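S.K.: I have a structure I would like to understand better, so I am pasting it below and will then ask my questions one at a time.
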2 protein chains.
Amino acid sequence: MKVPKHIGIIPDGNRRWAQNKGLLKEQGYDKGLDPGLELYRLCKEKGVEEITYYGFTMDNTKRPANQTKAFIEACINAVNMLTAEDAALLVLGNTDSAMFPKELLPYTTRKQFGKGTIKVNFLVNYGWHWDLGHLIESKESLKSNYYGGLKSSDISRIDLVIRWGGRRRLSGLLPAQAVYADFYVIDEYWPDFKPQHFYDALDWYQHQDITLGG
Amino acid sequence: MKVPKHIGIIPDGNRRWAQNKGLLKEQGYDKGLDPGLELYRLCKEKGVEEITYYGFTMDNTKRPANQTKAFIEACINAVNMLTAEDAALLVLGNTDSAMFPKELLPYTTRKQFGKGTIKVNFLVNYGWHWDLGHLIESKESLKSNYYGGLKSSDISRIDLVIRWGGRRRLSGLLPAQAVYADFYVIDEYWPDFKPQHFYDALDWYQHQDITLGG
């Protein structure tokens, strides 16, 4: 079985899920915590080496304050849950903003928990423009180091992006690392995560001819 | 009708099409010329303002020489065909390489043909890494100008990417401009282009909730 080394996860559809249940939009986010942990464990079992969770972006923080508050809290909780697992954990995002929760500052350099067997990247207040913009300020060069000069230079190439919630777009997820990624979309909302979604994505990935642009 | 302002076209599957017909792989490329022109005319009719064609990439030039020669020729012919239309034409790619055909050098600054009603960008020996790498050398900043410092700074945000040939990936297409693009995949190979493919993509686009990451 061909296992993607690095999977990017876009856990979308929390608000639509909540609305369908007659809840307030912001009540959908904490329903995404258990799926995130379950998916982490499935990836570990299959031998995936790196996972990136798309927590929230600088774009997302333009939403109403009650939603913003709810997804920031969900991200803090998700990262805390992962510290109890075997993860080498990195939180990446713009810390020069009140939207970046101070609780997550300790993880902005990679920290190893347990056996640290999987690299887990969690994007929190991430922005693609912020990520690329750093190239100009950096003394490193994209020429001397493949992702050198990017804010995300500690995150490697993504093989497979899985997005829940039916939308067929990257929404700014790591533009440099995602250039060759195969993109699998699940129509169900993230809080309705089932292990079968992950298995279906892996099955589909088996049939992709990986050329890295060649 | 919600018309995407800028459509990115990935005309993939020429080689697989040729093989299915019992031809040599390199014989598939010039079968993509007429579809390219037909699609240009359909876009114009619908009021699309900008089109980007993914000609070939620096990655692609690692292929066997007979294929490389064939797709370079097809790109030269495609650009020449477009000069007879109402297009404001730009060819973008790494000209510091023997792979960039000298015939296309005159179009590396945007040139207006006919009424110049549509911006048409044609990527020729383009590389995403080359595009982003320029940020470091440039005096412009991504902060002062949205795409400033990119080699592709004259190309605007892509609303809709349409890819033929079934693969669900961007393969390095303009990573900065494609961050929010909705991504529609057609399983048929590019030489089997039908206007209905384009209409289906537009119909699908009507139902997308465009949030630009928000």
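Every read-out reported here was derived from the displayed coordinates using simple, explicitly stated rules and does not represent laboratory data. In this text the structure is predicted, and so the values were computed from the model without any measurement. Here the Cβ is made from the backbone with ideal geometry for all residues, glycine too, and neighbour counts use every protein chain on show.
S.K.: Computed on alpha carbon atoms, what radius of gyration and Dmax characterise region B:38-106, expressed in Å?
M.R.: When restricted to Cα atoms, region B:38-106 yields Rg and Dmax of 13.3, 39 Å.
S.K.: Modelled label-to-label distance, residue A:2 and residue B:38, 7 Å Cα→beta-carbon offset: nm?
M.R.: The answer from the label model is 3.1 nm.
S.K.: Determine the sum of side-chain charges near residue A:81: Lys and Arg each +1, Asp and Glu each -1, restricted to other residues whose C-beta is under 12 angstrom from that of residue A:81.
M.R.: -3
S.K.: While we're looking at this one, here's another question. Distances from residue B:22 to the same position in the other copies: list them in nm, one decimal, shortest first, using label points 7 Å from Cα along Cα→Cβ.
M.R.: Distances to the matching label points in the other copies: 6.5 nm.
S.K.: OK, next. Suppose every Lys and Arg Cβ carries +1 and every Asp and Glu Cβ carries -1, with no other charges. What dipole size does region A:37-91 come out with about its Cα centre, to the nearest 20 debye?
M.R.: On the way: 6 positive and 8 negative charges, 62 e Å.
That gives a dipole near 300 debye.
S.K.: Rounded to the nearest 500, what is the 222 nm mean residue ellipticity of chain A from helices alone, with -39500 (n - 2.57) per DSSP H run of 4+ residues and division by all residues? Can you show the working numbers first?
M.R.: On the way: 5 runs with 61 residues, N = 214.
Roughly -9000 deg cm²/dmol at 222 nm, from the helical runs in chain A.
S.K.: Got a sec? Charge dipole of chain A, +1 on Cβ for Lys and Arg, -1 for Asp and Glu; which of A:177, A:197, A:71 is way out at the positive end?
M.R.: Farthest towards the positive end: A:71.
S.K.: Using Cα pairs under 8 angstrom and six or more residues apart, how large is the relative contact order of region B:48-181, in percent? Could you put the intermediate results ahead of the total?
M.R.: Details: 197 pairs, mean separation 33.9, N = 134.
RCO, region B:48-181: 25 percent.
S.K.: Given +1 on the Cβ of Lys and Arg, -1 on the Cβ of Asp and Glu, and no further charges, what dipole in debye does the protein assembly as shown carry about its Cα centre, rounded to the nearest 20? Please report the intermediate quantities before stating the final value.
M.R.: Values: 54 positive and 52 negative charges, 57 e Å.
Computed about the Cα centre, the dipole is about 280 debye.
S.K.: Looking at A:128, A:92, A:109, which one has the Cα that reaches farthest to the positive end of the dipole of region A:6-206 (charges on Cβ: Lys, Arg +1; Asp, Glu -1)?
M.R.: A:128
S.K.: Using the eigenvalues of the Cα gyration tensor, what equivalent ellipsoid semi-axes result for the protein assembly as shown when each is taken as the square root of five times the eigenvalue, whole Å, largest first?
M.R.: Details: eigenvalues 274, 106, 94 Å².
Whole-Å semi-axes of the equivalent ellipsoid: 37, 23, 22.
S.K.: Here's another thing I want to ask about it. Can you list, shortest first in nanometers, how far residue B:81 lies from the same residue in the other copies, with each label 7 Å from Cα toward Cβ?
M.R.: In ascending order, 5.2 nm.
S.K.: Just how large is the dipole of chain B about the Cα centre, in debye to the nearest 20, putting +1 at every Lys and Arg Cβ and -1 at every Asp and Glu Cβ? Before the final figure, lay out each step's value.
M.R.: On the way: 27 positive and 26 negative charges, 61 e Å.
Roughly 300 debye for chain B.
S.K.: Longer than 21 Å from Cα to Cα, which of B:151/B:194; B:102/B:151; B:31/B:111; A:2/A:44 are they? Say none if no pair is.
M.R.: On the way: B:151/B:194 33 Å; B:102/B:151 19 Å; B:31/B:111 26 Å; A:2/A:44 14 Å.
Distance filter (> 21 Å) returns B:151/B:194; B:31/B:111.
S.K.: Based only on the alpha carbon positions, what is the Kirkwood hydrodynamic radius of region A:1-125, in angstrom? Mind dumping the intermediate values first?
M.R.: Numbers: mean 1/r = 0.0670 Å⁻¹.
Result for region A:1-125 stands at 14.9 Å.
S.K.: Also, quick follow-up: Could you pull the copy-to-copy label distances for residue B:38, with points set 7 Å along Cα to Cβ, in nm to one decimal and sorted shortest first?
M.R.: From this label point to the equivalent ones elsewhere in the assembly: 4.6 nm.
S.K.: Counting each pair of different Cα atoms once, what's the Kirkwood radius of region A:6-206 in Å, rounded to one decimal?
M.R.: On the way: mean 1/r = 0.0585 Å⁻¹.
In region A:6-206 this quantity evaluates to 17.1 Å.
S.K.: Can you pull the one-decimal nm distance between simple spin-label points at residue B:81 and residue B:46, each 7 Å off the Cα toward Cβ?
M.R.: Each label point lies 7 Å from its Cα, and together they span 1.8 nm.
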